[in-house]
Number of protein chains: 2
Amino acid sequence: MRAEIIAVGTELLLGQIVNTNAQYLSRGLAELGIDVYYQTVVGDNKDRLIQAIGIARGRADLLVFTGGLGPTLDDLTRDALAEYLGRDIGLHEPTMAKIMDMFSSRGGAFIESNRRQALLIEGAVPLRNDTGLAVGNALNVDGTCYLLLPGPPREMKPMFDNDGSSWLKEQLGPAFTLHSVMLKFAGIGESKLEDVLLDLIQAQQDPTIAPYAKEGEVAVRVSTKAADAGEAASKLEATLTEIRGRTREHLYAEEDVPLEATVVRLLTQQQRTLALAESCTGGLVSQLVTTIPGSAVVYKGGVVSYSNEVKIGQLGVPQALLEGAEAPGAISAETAMAMAEGMRAAADADFALSVTGNAGPAAAEDKPVGLVYVGLAERGRDTRVEKLQLAGDREGIRLRAAKRALYMLWQSLSGQGQL
Amino acid sequence: MRAEIIAVGTELLLGQIVNTNAQYLSRGLAELGIDVYYQTVVGDNKDRLIQAIGIARGRADLLVFTGGLGPTLDDLTRDALAEYLGRDIGLHEPTMAKIMDMFSSRGGAFIESNRRQALLIEGAVPLRNDTGLAVGNALNVDGTCYLLLPGPPREMKPMFDNDGSSWLKEQLGPAFTLHSVMLKFAGIGESKLEDVLLDLIQAQQDPTIAPYAKEGEVAVRVSTKAADAGEAASKLEATLTEIRGRTREHLYAEEDVPLEATVVRLLTQQQRTLALAESCTGGLVSQLVTTIPGSAVVYKGGVVSYSNEVKIGQLGVPQALLEGAEAPGAISAETAMAMAEGMRAAADADFALSVTGNAGPAAAEDKPVGLVYVGLAERGRDTRVEKLQLAGDREGIRLRAAKRALYMLWQSLSGQGQL
């Protein structure tokens, strides 16, 4: 079954709101094994909406609408589809009764326009709305399925998850649904990873292999259609084993979690603690780590050493490293090492990461933009420092430096990587 | 000019990411006075992409693409449009040189697929990419305009705002363009602000008044169409004066900058310095401040005191405040005050902000989720502490607490607010 999602609302076209409904529905349809081929957004205009229905009808056999079921005059989805299909619209009595009840319990006068929320296209199945008034519509016309859902996410989501999904499963019959495993990687760029997996990606049929990159993260989704989880697992296994074998030093999770979540989980499991000393990242590593609930158990704290005074006073970096003609300076391997070791000792933590560098926009200490040193001090082991030359703007450099520091820690915690 | 936004990427159809680009572009086009009639999302599939181009060509005269300009095999936007238009693709030498430079500066081997990011459709104007590698394409073919932008928001946004907007303005000609002033507010919620301005919003005609809320920020855009900046300024003036008069204690900027940018600017102008002591915000305030280029001049550094050891050792918070049956505890006005004062003294800064509280998800020290204390220590003045009860999830509470702390500092720096 090929689906198109049609979100209706001028507020989307004006950029007043983000179309989170399209994401929610796309994910939900994928989980049912239904491929979404297009998402369309159209305004509150009946003619354009009817045109969009015609186009979607020609390229999809499931049209999922969200928005335009409310009480106001610019809620047009039901009318537009009825007109397109040449069908009448009738009143769904149970919904009408619910609306009247609501008005009488609130003690307000009935507002006539609310009757529109109880309308059902001839032949449509009503979809219950537990969090609002507008009734959903579902109908199958000569093999093309139409699902009409409200626009507000708090009404749309439960209606889709409950009556909407059930109705779709009936239309699908004893379906094969999509099963996916998300692989998450650190310490490797998108194009390098694709290079490593190129032959697999090019030869893919079933399972499919889809790489994608988010800010500072790289992921691959491996998917197959199967009748149940057991069959899916056996169909996915060979591909997963092959990818694992090629990427072991970078594969930090087999679910969609950020690197900092895996790091906090490993620290917690190993009952080890972390401290952070950050210069150019300005607290970003700390911010990422503390985003994870439960991080307080393993994260003792950190210092943002944006001035030499703080590097010296709070981290115990020797002044001789920072000042003087012969000094390596704040942006140096020596300082990264001293920051990590000073922080680890001050917080009495098992690990301390340090980051110092130039995130731009201008050169500093004659060091180029993008030059960053990351350090890892570990109780009872030698301190490691990596020198990076990162590309991008200030925010990009800071994010990549932060993720690289977390990757060093992951290498130690997981026993992977060059130790 | 009628626009259609075409976002390209299978990850959107799978629901892996939200289409925030469509919102950003819709808003940006609205600001140029261009109406968006449709938004479409299509996967990484050349045939379907070409079909979508054909449909959009029939109902819009500006097609804005985002996504599919990267180095990988499924980045197909450029190829699809070239094929649709029957045009060749050539290499944009300056971009190619930049890509080669990037690889040689990193010391890595050149990965051949990256050449794709330097490709330009015959007749297209290149659009500079300051935050990534892929060059943008802009072309006008017989009155239909095509704008090709990258998918990653951090590349797409600056390219659209800079070269993209300039090129569009050229295509529009000396029309009446939209002139706007963005007013930014802190220390006030969206609904409260709307209440204060309700009569103006309801009576609006020209200029228009549009309130916006982003995470942790509230803004109002005042807009009018005019032939030039001078005419626009005189049309906007009366409305702006009225809003300023009603909101002086919260209006921190008349351009779209975050609160931390205004705070860094004021500190720089007044040659005063800042230090930060954060518990529940985990470095978020520091991260926000250091996002601003030039912050290193005024920001001396900070401590993330996620454990009592760090509060005592690095900030000098008296142990008696933190431990013992009678102690007020880490989440208290007393501790917020001691953190701010200890940090200010340790860094010898003019100001120090402190944040301590419970961001959730569970109660801590028997203090409810959302209870946060923010402190401001200032050289030569009494330390102020505010108690907040914030709503929202962990991320929302952290962000609101961070912005509230920055608002306290802004009050002091600007001389506004209850001092």
* Provide, as a two-decimal number, the C-alpha radius of gyration of region B:2-172 over 2.2 N^0.38 Å, N being how many residues it has. => 0.98
* Asked: Within the set A:192/A:214; A:311/B:184; B:311/B:387; B:157/B:184; B:46/B:98; B:46/B:157, which residue pairs have Cα atoms separated by over 23 Å?
  -> A:311/B:184; B:46/B:98; B:46/B:157
* Structure fact -> Amide H proximity to residue B:177 below 5 Å, modelled H, separation 5+ or other chain, gives B:226
* Between the alpha-carbon centers of region A:165-205 and region A:41-64, tell me the distance in whole angstrom. => 28 Å
* Between the label point of residue B:47 and that of the same position in each other copy, find the distances and list them shortest first in nm, with every label point placed 7 Å from Cα along the Cα-to-C-beta direction. => 3.4
* Asked: If you take every DSSP beta bridge whose two residues both sit in the protein assembly as shown, what share of them, in percent to the nearest 5, is antiparallel?
  -> 65 percent
* Asked: In whole Å, how far is the Cα centre of region B:296-342 from that of region B:93-154?
  -> 49 Å
* HN-Hα J couplings of region B:292-297 from phi, Karplus 6.51/-1.76/1.60, θ = phi - 60°, integer Hz, Gly and Pro as x? -> 7, x, x, 5, 4, 5
* Asked: Can you give the net charge of the other residues whose Cβ lies under 9 Å from the Cβ of residue A:292, counting K and R as +1 and D and E as -1?
  -> 0
* Projected-area mean, region B:177-253, by convex hull of Cα positions, square nanometres -> 4.9 nm²
* Structure fact -> With the 1.4 Å probe rolled over protein heavy atoms, the protein assembly as shown has an accessible area per residue in Å² of 39 Å²
* Asked: Taking every residue in B:25-32, how many Cβ atoms of other protein chains lie within 10 Å of its Cβ, on average?
  -> 3
* Structure fact -> Heavy-atom accessible area of region B:177-253 with neighbours in place, 1.4 angstrom probe: carbon+sulfur share in percent works out to 49 percent
* Sort shortest first the distances from residue A:214 to its counterpart in every other copy, using label points 7 Å along the Cα-to-beta-carbon line, and give them in nm. => 2.0
* **Charge sum, other residues only, whose C-beta stays under 14 Å from residue B:413's C-beta, Lys/Arg counted +1 and Asp/Glu -1** => +1
* Structure fact -> Given backbone amide H placed at 1.01 Å from N, residues whose amide H is under 5 Å from that of residue B:145, ignoring those fewer than 5 places away on the same chain, are B:62, B:63
* For chain B, give the magnitude of the charge dipole about the Cα centre (Cβ charges: +1 Lys/Arg, -1 Asp/Glu; no others), in debye to the nearest 20. => 360 debye
* To do: Quick one: with label points 7 Å out along Cα→Cβ, list the inter-copy distances for residue B:255 in nm, shortest first?
  => 4.6
* Structure fact -> The size of the Cβ-based charge dipole (Lys, Arg +1; Asp, Glu -1) of the protein assembly as shown about the Cα centre, to the nearest 20 debye, is 740 debye
* For peptide B:290-302, how many partner chain Cβ atoms fall within 10 Å of a residue's Cβ, on average? -> 6
* With a 10 Å radius around each residue's Cβ, average the other Cβ atoms per peptide and rank B:402-408, B:227-233, B:160-166, highest first. => B:402-408, B:160-166, B:227-233
* **For the protein assembly as shown, convex hull volume per residue from C-alpha positions, Å³** => 189 Å³
* Ignoring ligands, DNA and RNA and using a 1.4 Å probe, state the total buried accessible area between B and A in Å², rounded to the nearest 100. => 5800 Å²
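The values are calculated or read from the model by the stated rules, or taken from the named source; none is laboratory data. Predicted, not measured: the structure shown is a model, and the values here were computed from it. Virtual Cβ from ideal backbone geometry, glycine too; neighbours counted across all protein chains shown. The area values use the complete protein model at the heavy-atom level, side chains included, leaving out ligands, DNA and RNA. Shrake-Rupley method; radii C 1.70, N 1.55, O 1.52, S 1.80 Å.
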